[in-house]
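Below is one structure, written out as structure tokens, with a few remarks after it.
Coordinate-derived values only; no laboratory data. Every value quoted in this text rests on a predicted model; they were computed, and no experiment measured them. As a convention, Cβ positions derive from the backbone with ideal geometry for all residues, glycine included, and neighbour counts pool all protein chains shown.
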């Protein structure tokens, strides 16, 4: 399995989807793109498009998650969690494939 979405992250996704009136056909899309200070950066969006040829689809704690197969190569084994403190909040990525990460945790090198 390419990724894992923690229960805490799933709860935050559900809250956001409800707040913004997303339909049941809207999935959390997790991927990577070239960029960031370390080479690749994580992308998290909401998407209604799913292509069986290009994407893998998962369900975690009631949340549909879509990962394109190219990103899945770099995200294999990654756990996506939700972090919240007084200073910041957002998704965190525990990626066993990352050789190096930037200080903010939003980009990595594989």
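Note on residue 34 and residue 57: the model spin-label points, each 7 Å out from Cα along the C-beta direction, lie 3.1 nm apart. The packing ranking of peptides 3-13, 49-59, highest mean first, is 3-13, 49-59, where packing means the average number of other beta carbon atoms within 10 angstrom of each residue.
For the pair residue 46 and residue 22 in one chain, pulling the backbone fully straight at 0.36 nm per residue adds 7.8 nm over the alpha carbon distance. Computed over the stretch 1-77, the P(r) tail beyond 18 angstrom holds 40 percent of alpha carbon pairs.
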